[in-house]
């Protein structure tokens, strides 16, 4: 069940919750001065989600934006015929909910237990006007999201099933490195159906392709929902093929 703490007010004698945040360098607050962090802290609430619990629903008023501090989130849209299209996965440090629209254009739910910092949209927008560093940081994150979207278009439109799955694993590895984690093995907390809905494939095709990559000794499967990349060069060649 979703749990939202009370608003956290920062004072001169109150230690900011950001002080002990392990992903602060990755989040939008990473480049802020101490006084700017206090102003940001003054408008945040902490949200805890259980696995499978929604954080936003497509079409709901876009009243809040979020920074994911722990766990993994799936973003998705429901198509007119009832099918689900997964549009992305969020990891600690990622931002959620920035939009020029008054409603959310997607749904988001926790894949694993997750913790987020929640900011009222109107209060955050006011801070963006007052703290240029925060606005620049947010713009940089939006640019990264646009790059991921462009990669997704290429992945869905030009690549084979094997190339898509290889690209997916390499992308997860790169995002681990960004979070100061080893690139190998790759943590894959999402289900094969999640992967299929993201890659535009069927669940059966994803399972079969993973087995093929395993048989070719490009990858191996480890306990704890992890994939070890056994031949990085060959997997890279497959991922980069057009």
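The values are calculated or read from the model by the stated rules, or taken from the named source; none is laboratory data. Owing to the predicted nature of the structure, the values given are computational and were not obtained by experimental measurement. In this analysis, Cβ positions are derived from the backbone assuming ideal geometry, glycine residues included, and neighbour counts consider all displayed protein chains.
If you go through region 63-93 and keep only what is assigned to a loop (DSSP other than H, G, I, E, B) and modelled with pLDDT of 90 or more, you end up with 63, 71, 72, 91, 92. Checking the structure you have, find out if any residue of region 25-37 is touching a strand residue (DSSP E or B) at 6+ places or on another chain (Cβ under 6 Å), at pLDDT below 85 and outside any helix (DSSP H, G or I). Yes: region 25-37 contains one or more residues that are touching a strand residue (DSSP E or B) at 6+ places or on another chain (Cβ under 6 Å), at pLDDT below 85 and outside any helix (DSSP H, G or I).
Here residue 100 passes the criteria (1) surrounded by fewer than 17 Cβ atoms within 10 Å (Cβ to Cβ); (2) assigned to a strand (DSSP E or B) except the one numbered (2). Somewhere in region 124-139, is a residue more than 21 Å from residue 178 (Cα to Cα), assigned to a helix (DSSP H, G or I), in the same structural domain as residue 52 (by TED's automatic domain parsing) and modelled with pLDDT of 85 or more? Scanning region 124-139 turns up at least one residue that is more than 21 Å from residue 178 (Cα to Cα), assigned to a helix (DSSP H, G or I), in the same structural domain as residue 52 (by TED's automatic domain parsing) and modelled with pLDDT of 85 or more. In region 222-242, the residue that is farthest from residue 167 (Cα to Cα) out of those that are over 22 Å from the mean Cα position of the chain (by Cα) and assigned to a loop (DSSP other than H, G, I, E, B) is 223.
Condition first: in contact with a helix residue (DSSP H, G or I) (Cβ under 9 Å, 6 or more places away or on another chain) and within 15 Å of residue 221 (Cβ to Cβ). Now tell me which residues in region 186-203 satisfy that. Those that are in contact with a helix residue (DSSP H, G or I) (Cβ under 9 Å, 6 or more places away or on another chain) and within 15 Å of residue 221 (Cβ to Cβ): 186, 187, 188, 190, 191, 192, 195.
Matching residues to (1) more than 16 Å from the chain's Cα centre (by Cα); (2) in contact (Cβ under 8 Å) with a residue 24 or more places away in the chain; (3) farther than 17 Å from residue 54 by Cα:
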site	(1), (2), (3)
94	no, yes, no
102	yes, yes, yes
107	no, yes, no
115	no, yes, no
118	no, yes, no
125	yes, no, yes
128	yes, no, yes
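Of the residues making up region 103-118, those that are surrounded by 17 or more Cβ atoms within 10 Å (Cβ to Cβ) and not in a strand (DSSP E or B) are 104, 106, 111.
Could you tell me whether region 213-221 includes any residue that is crowded, with 19+ Cβ neighbours inside 10 Å, in contact with a helix residue (DSSP H, G or I) (Cβ under 9 Å, 6 or more places away or on another chain) and either assigned to a helix (DSSP H, G or I) or on the phi > 0 side of the Ramachandran plot (or both)? Within region 213-221 (the criterion being crowded, with 19+ Cβ neighbours inside 10 Å, in contact with a helix residue (DSSP H, G or I) (Cβ under 9 Å, 6 or more places away or on another chain) and either assigned to a helix (DSSP H, G or I) or on the phi > 0 side of the Ramachandran plot (or both)), the answer is yes, since at least one residue qualifies.
Picking from residues in region 177-194 that are in contact (Cβ under 8 Å) with a residue 40 or more places away in the chain and part of a helix (DSSP H, G or I), the one that is surrounded by the most Cβ atoms within 10 Å (Cβ to Cβ) is 194.
When the residues of region 45-75 are filtered to those that are touching a helix residue (DSSP H, G or I) at 6+ places or on another chain (Cβ under 8 Å) and surrounded by 20 or more Cβ atoms within 10 Å (Cβ to Cβ), which remaining residue is farthest from residue 96 (Cα to Cα)? Once the filter is applied, the top-ranked residue is 74.
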